[in-house]
Amino acid sequence: MTDDPVRLYRTVRLIRRFEERAIELVRSGHIVGGIHPYLGQEGIAAGVCAALRGTDLVTGTHRGHGHVLAKGADPARTMAELCGRETGSNRGRGGSMHAADFSIGVLGANAIVGAAGAILTGAVWARRRRGDDVVGATFFGDGAVNEGMLLEAFNLAALWRVPVLFVCENNGYATTMPVQGAVAGTITGRAEAFGMPAAVVDGQDPERVRDATAAAVARMRAGGGPELVEARTYRFDAHHTFEHSVRLDYRPPQEVAAGRERDPVVIQGDRLPEATRRIVDAEVEATLTAAVEFALAGPHPDPAGALDHLYASGLVARTGGG
Amino acid sequence: MPRLSYRKALTRALADELARDSDVFLLGEDIRVAASNVTAGLLKKFGPERVIDTPLSEQAFTSFATGAALAGLRPVIEFQIPSLLFLVFEQIVNHAHKFPLMTGGQCAVPVTYLVPGSGSRTGWAGQHSDHPYSLFAHVGVTTVVPATPADAYGLLVSAIRCDDPVVVFAPAGALEVRADVDDLAPVPLGRGVVRRAGDDVTVVAVGHLVHDALAVAEELTGEVSVEVFDPRTLYPFDVDGLVDSVSRTGRLVVVDDSNRSCGIAAEIITSVLERVRLAAPPRRVTRPDGAVLPFAPALDRAVQPGRDQLTAAIHLCMKDGS
């Protein structure tokens, strides 16, 4: 698609600025509990989702705003969700780590590391069983590749040939644990052990991620089973915004500086004429200004409804009072 | 009047729901050959697309079912061993149970977890003999423990039709129960039943212990008039139904195959005490605190609630306050 470079840029820029605005809202106290910033990793969500259809399914992680936005979630409702407002995508019941929009195939950010792979595998399997031509992409970090639940999901997906793209965002650290201190063997080797094709891709380049995903998705749509992409990336900011006030000594400053040099927003932006980039930047700013206004204008949920939606069956839980 | 076994009632419920609703499918270990004898004949009738054997990957296939449910299907998982519920507690509680609220009502997770042969099977020792229904009541997952063939059928049908996750414990001690059953029909979740009317004391018995309570009540005829209340569903608990009974008898004894501390008996007693002034302190007969079922049959029996203990508890309760 001719406008693909522009769209990719728009997406990475949107995620970048969304995260920066969200951090401001953390600092101002409008977002409580903090966030896990996706800064630096934008190229992966943008690249993967650019190769998916609107009807395809994805799951994100605790560092999940980028996944949700790249799949097409409304930035305003997503920001309202982070701010805990009734107007949020989850009516303020999920927050940063659980933003979901089932109407666009986002089956939720999932904050238990390694947990979503099996859920997405089941969802894609079920949709295809009903005759829908969908594939799925499930994002997880390098920390997840040592979770048994995810490895079990690799096995089920491969065994039953469920077209799920397992997208490992290898940012080098599981919170503070470096990959080399945690991963025996390799990440792609895990996939290969289950008979899954696996590729390493430069996660800082949105177009490379998109191309690798498109190739995998084409094979999957043609009847192939699951695949894995290990996108090498670098987290520009903290694991969580609490690190902004508590300094944790685990990444050498020179490493952080070097990591930040390969910036997906710059890499993609450099592919556009400056005039185009400026137009996109202005659009993104306008979108996010409106998103923040929408979020902060939204009503806080009524505490009387704190347990709304606990049961889909309509069961009403007993309250906790005396 | 046809004679129906409890186990056969479960099979009938599965067969009827598979026939009624094409979204229902079964998932589990060795269910094609019906190792537990509950899925007997279902593979032949419904085929391998709807009766699916899984690898030994309980965590993955439990979340796979969550995903399939999110996509609109109604999975029923059979667990051969009650202790496997410990292994998948995370998948059920943290995901299946939490998704509807966390997503602000965007989804439902109608999965049924069926455990044929819960509790002691005599000789299966420490890791195959647990009865963890109190855990699911604690976290708020709908939990049923049918005592009779008619309830086994009716509650399993209702569980499958429920839009929330439901755990169905079919106690090993009840699987061989047979009864004349005229009419197989759904049994509403959350509704208890008085199995035997009495005036002096209400005995709440869970699952297979209903039959022990009825036997004890018969033995005490002429001495104590015992009412036996079978809650059938432990969560949500039919507090109103039980309060009706205890308001008449004024005395309460609970017999429950849970470990004592934080077991369902504690919750049942408290829920009654909040609303009824009893004539005597309530009593409970349970497994001991922290029980691990030892292998030798005499030891196994020694830590399960028995008829002698129940008889003694009823006598104590009658003596107190009189």
**Item:** region A:72-97 residues that are within 18 Å of A:Ala290 (Cα to Cα) and within 11 Å of chain B (Cβ to nearest Cβ), paired with ones that are of a type in the set (D, E, K, R) and part of a loop (DSSP other than H, G, I, E, B) (beta carbon under 7 Å, 6 or more apart)
**Value:** none
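When you look at A:Gly40, is it within 14 Å of chain B (Cβ to nearest Cβ) and surrounded by 24 or more Cβ atoms within 10 Å (Cβ to Cβ), yes or no? Can you show your working first?
Numbers: within 14 Å of chain B (Cβ to nearest Cβ): no; surrounded by 24 or more Cβ atoms within 10 Å (Cβ to Cβ): yes.
No: the conditions fail for A:Gly40.
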**Message:** Give me the residue from region A:296-307 that is open to solvent by 60 Å² or more (accessible area, probe 1.4 Å) and in a loop (DSSP other than H, G, I, E, B) and, out of that set, farthest from B:Leu189 (Cα to Cα).
**Reply:** A:Pro299
**Message:** With the requirement that a residue be open to solvent by less than 20 Å² (accessible area, probe 1.4 Å) and aliphatic (A, V, I, L, M), what does region A:166-182 give you?
**Reply:** A:Val167
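Are there any helices (runs of 4 or more DSSP H) wholly within region B:1-105 with 1 or more residues that are buried (at least 21 other Cβ atoms within 10 Å of the Cβ), and if so which? Quick ask: steps written out before the conclusion?
Values: elements: B:6-20, B:42-46, B:58-70, B:84-87, B:99-102.
Correct list: B:6-20, B:58-70, B:84-87, B:99-102.
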**Asked** When residues of region B:220-267 are filtered for being open to solvent by less than 40 Å² (accessible area, probe 1.4 Å), out of contact with any strand residue (DSSP E or B) (no Cβ under 8 Å at 6 or more places or on another chain) and not in a loop (DSSP other than H, G, I, E, B), how many remain?
**Response** 2
**Message:** Considering only residues that are open to solvent by 10 Å² or more (accessible area, probe 1.4 Å) and more than 7 Å from chain B (Cβ to nearest Cβ), which ones fall in region A:98-113?
**Reply:** A:Asp101, A:Ser103, A:Ile104, A:Asn110, A:Ala111, A:Val113
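Keeping to region A:141-165, report how many residues are within 13 Å of chain B (Cβ to nearest Cβ) and under 20 Å from the mean Cα position of the chain (by Cα).
Kept after step one, since they are within 13 Å of chain B (Cβ to nearest Cβ), are these residues of region A:141-165: A:147-160, A:162, A:164.
Within this subset, residues satisfying the condition of being under 20 Å from the mean Cα position of the chain (by Cα) are A:147, A:149-151, A:153-154, A:164.
Going through region A:141-165 one residue at a time, the tally reaches 7.
Each row is one residue, and each column tells you yes or no for (1) among the hydroxyl-bearing types (Ser, Thr, Tyr); (2) away from chain A (no Cβ under 14 Å); (3) under 14 Å from the mean Cα position of the chain (by Cα).
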site	(1), (2), (3)
B:Val109	no, no, no
B:Leu114	no, yes, yes
B:Ser134	yes, yes, yes
B:Thr142	yes, no, yes
B:Pro171	no, yes, yes
B:Asp180	no, yes, no
**Request:** Could you tell me whether any residue of region B:110-127 is closer than 20 Å to B:Arg3 by Cβ, in a helix (DSSP H, G or I) and open to solvent by less than 10 Å² (accessible area, probe 1.4 Å)?
**Result:** no
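Table: residues versus (1) under 18 Å from A:Asn155 (Cα atoms); (2) in contact (Cβ under 8 Å) with a residue 60 or more places away in the chain; (3) more than 8 Å from every other protein chain (Cβ to nearest Cβ).
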{"site": "B:Val51", "(1), (2), (3)": "no, no, yes"}
{"site": "B:Thr54", "(1), (2), (3)": "yes, no, no"}
{"site": "B:Ala60", "(1), (2), (3)": "yes, no, no"}
{"site": "B:Gly67", "(1), (2), (3)": "yes, no, no"}
{"site": "B:Leu70", "(1), (2), (3)": "no, no, no"}
{"site": "B:Val76", "(1), (2), (3)": "no, yes, yes"}
{"site": "B:His95", "(1), (2), (3)": "no, no, no"}
{"site": "B:Lys98", "(1), (2), (3)": "no, no, yes"}
{"site": "B:Leu101", "(1), (2), (3)": "no, no, no"}
**Request:** Please work out if A:Asp74 is within 23 Å of A:Val265 (Cα to Cα) and modelled with pLDDT of 95 or more.
**Result:** yes
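The values are calculated or read from the model by the stated rules, or taken from the named source; none is laboratory data. Note that the coordinates shown come from a computational prediction; the quantities given were computed from them, not determined experimentally. Backbone-built Cβ (ideal geometry, glycine too); neighbour counts: all protein chains shown. Note: areas computed on protein heavy atoms with side chains; ligands, DNA, RNA excluded. Shrake-Rupley method; radii C 1.70, N 1.55, O 1.52, S 1.80 Å.
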